[in-house]
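Just below is one structure, and these are the notes that go with it.
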Amino acid sequence: MPGLAAAILVAGASGHAAAPFCRGSALAGHFAVIPGSAGAGNISYALRLRNVSTAPCTVTGVPVGRLLGLRKDVLPTHVRAARPGAAAALVTLRPDASTVAVARFWPDVPGPGEGRMGPCERTAFWFRVAARGGGTTAVAVSPPTPVCEHGRLSLSVYRSAH
């Protein structure tokens, strides 16, 4: 039946029905440096996504995505959980509510197989996030940055943003 997938609800830990998973078209945001987070060659960026639709929707787990160049060309990307085995909650986003996940990576420390002279990888200008409800959304990387170790990002699970 058309639209049936969009009407499926998932059960949260409390047993109450949660909103359907967010679609990419329902999300907008940015992937921006966390001021003061640089240290020992690495840095943290916050991936903040806002529900721009008129209905509640849900996100959960570690964000899945791809780094993109200036013209949205695909760059090497290897997302991994910052804390493997960490419990992921269902985060329900009311319209205009936000979620955040934190990424830690090395912008200028080359990994195995990367050159020692010049940038380790091409500069990422965008991060395309895959949505569990289908589709993607591309968010700007601010400031644009290379991500060493062939695009290795250690990402936390989504949590509610305040």
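Observations on the model:
- Residues whose amide H lies under 5 Å from that of LEU93, counting only those 5 or more places away or on a different chain, are CYS57, THR58, VAL59; hydrogens are built 1.01 Å from N in the peptide plane.
- Dimensions (Å) - the chain, Cα atoms, principal axes, largest first: 55, 31, 26
- Helix-derived mean residue ellipticity, 222 nm - over the chain, DSSP H n ≥ 4, -39500 (n - 2.57), to 500: -500 deg cm²/dmol
- For ASP73 and VAL52, the FRET efficiency from 1/(1 + (r/R0)^6), where r spans their Cβ atoms and R0 equals 25 Å, is about 0.45.
- Sorting the Cα pairs of segment 17-81 by distance into bins of 5 Å, from 0 upward, gives 4, 12, 17, 23, 21, 13, 7, 3, 1 percent per bin.
- For segment 18-124, the per residue solvent-accessible surface stands at 52 Å², with DNA, RNA and ligands left out and a 1.4 Å probe.
- Entry note: segment 71-162 has Rg to Rh equal to 1.00, where both radii use alpha-carbon atoms and Rh is the Kirkwood radius.
The values are calculated or read from the model by the stated rules, or taken from the named source; none is laboratory data. Bear in mind the structure is a predicted one, so any value in this text is a computation, not a measurement. All Cβ positions, even for glycine, are placed from backbone atoms using ideal geometry, and neighbour counts span all protein chains on display. The accessibility values were calculated without ligands, DNA or RNA, using every heavy atom of the protein model including side chains. Shrake-Rupley method; radii C 1.70, N 1.55, O 1.52, S 1.80 Å.
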